[in-house]
Amino acid sequence: MKISNKGLIVIIIVAIIGLSLPKLKSIFADKKTVNRNPGFAPAKAYIAKPQKLENKIKVTGTILANEEVEIRSEISGKVEKIFFSEGGRVKKGDILVKVDDSELQAQLLKTQYQKKLAEEKEYRQRMLLEKEAISKQEYDVALTELNTLEAEIQLIKARIAKTEIRAPFDGVIGLRYVSEGSYISPATKISTLQDIDTLKIEFSIPEKYIKSVNVGDKIDFKIQGSDKTYRAVIYAVDPKIDPTTRTLQVRAIFPNKNYEVLPGSFAEIEVILEEIPNAILIPAEAIIPSTEGTSVFIYNNGIALERKVETGIRTERFIQVKSGLKPGDTVLTTGLLQLKSGFKVKISEIE
């Protein structure tokens, strides 16, 4: 059977392909192997170690004085004497301002004379009553007159006491707004008094954190113009959520040593929700997320090994690993997209 030239050419081509196919498979297989394991891949690493972890949220707040009042007079009158210096410290009970009480003193003297006459009248009426020379009703009139004058004397003395404006607590007095000789009334603001030995930090937290904040928890705060961080302790939590802002009002207390912080300051606050003394933390860039969970690559005798982990609290740079790592594990932090479990790795830098 004769084979045409065209058929002979086709047979030769098929034979050549058949003989070359094993060699091509070997070449592609070697190339694939090279791609899967391209020698030593350089990478940076981090050694996992237990650290103190503070779970925080950032909010803003206001610094308040422990106690603060506006100094005002309860009565109207002319300022007779000012006893305080602006910006000075005063003690509880110190007299701050004296209002003229000359008219009240005259009223007191007059009423005391009237009381003396009423006492003599009551005595005579009592003697006559014992002898049954007058009725009980006549004696009661004299006694009531005496008691009325006594009550009036107590009222005048109370008014005189109000002419001396005294400090209700220890503190620092503010600027004054009156002068000696000026006329004041209860509406007149004389000055302010603030207790700044202890300060309050008032702030609000989102509703979702209400179960994480309790009395006794700590906060860190900073004020403008200073890089120093101060620590305060929460002492009161409002029992009601603000329906408008959906936040909870909280107050912390701060011992203001050396008076470094002043009331009215704006505060940048970090609320410490939870403290974990020995948390395993690794850089966030070491985490590899996937549909099956999260994992990391650890370095073991020159080889990268993938390991599943469970993560927890995240900070600005680090993330907590709840399970899957132990202290001392070396975690790879760079070149993760090119790595697969079993690849050879060369560490270029360890943190």
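The values are calculated or read from the model by the stated rules, or taken from the named source; none is laboratory data. Because the structure is a prediction, the values reported are computed rather than measured. Positions of Cβ are backbone-derived with ideal geometry, glycine not excepted, and every protein chain shown enters the neighbour counts. For the accessible areas, the whole protein counts, side chains as well, though only heavy atoms, and no ligand, DNA or RNA atoms are used. Shrake-Rupley method; radii C 1.70, N 1.55, O 1.52, S 1.80 Å.
For segment 149-161, indicate whether the set of residues that are among the acidic types (Asp, Glu), open to solvent by 30 Å² or more (accessible area, probe 1.4 Å), in a strand (DSSP E or B) and modelled with pLDDT of 95 or more is non-empty.
If we filter segment 149-161 for residues that are among the acidic types (Asp, Glu), which is where we start, we get 150, 152.
Checking which are open to solvent by 30 Å² or more (accessible area, probe 1.4 Å) leaves us with 150, 152.
Subsequent filtering for residues that are in a strand (DSSP E or B) retains none.
Within segment 149-161, none of the residues are among the acidic types (Asp, Glu), open to solvent by 30 Å² or more (accessible area, probe 1.4 Å), in a strand (DSSP E or B) and modelled with pLDDT of 95 or more.
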Worksheet item: For segment 134-142, does any single residue satisfy the condition of being open to solvent by 60 Å² or more (accessible area, probe 1.4 Å), among the acidic types (Asp, Glu) and at pLDDT 95 or above?
Response: no
Worksheet item: Is segment 235-251 home to any residue that is in contact (Cβ under 8 Å) with a residue 12 or more places away in the chain, assigned to a strand (DSSP E or B) and among the basic types (Lys, Arg)?
Response: yes
Worksheet item: How about segment 258-351: which strands (runs of 3 or more DSSP E) wholly inside it have at least 2 residues that are within 30 Å of Ile234 (Cβ to Cβ) and under 35 Å from the mean Cα position of the chain (by Cα)?
Response: 266-283, 303-314, 318-323
Worksheet item: In segment 266-297, which residues are closer than 27 Å to Val59 by Cβ and touching a Leu at 6+ places or on another chain (Cβ under 6 Å)?
Response: Ile276, Ala279
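Taking the options Ile303, Ile269, Ile287, name whichever one is surrounded by 17 or more Cβ atoms within 10 Å (Cβ to Cβ) and within 22 Å of Pro327 (Cα to Cα). Before the answer, list the steps.
Numbers: Ile303 fails: surrounded by 17 or more Cβ atoms within 10 Å (Cβ to Cβ); Ile269 fails: within 22 Å of Pro327 (Cα to Cα).
Going through Ile303, Ile269, Ile287 in turn, the sole match is Ile287.
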Practice prompt. Give me the pairs, please: first residue somewhere in segment 209-233 and surrounded by 14 or more Cβ atoms within 10 Å (Cβ to Cβ), second residue anywhere and among the polar types (S, T, N, Q), beta-carbon distance under 8 Å, and either six or more positions apart or on two chains.
Written response: Asp220/Thr229; Phe221/Thr229; Lys222/Thr229; Ile223/Ser265
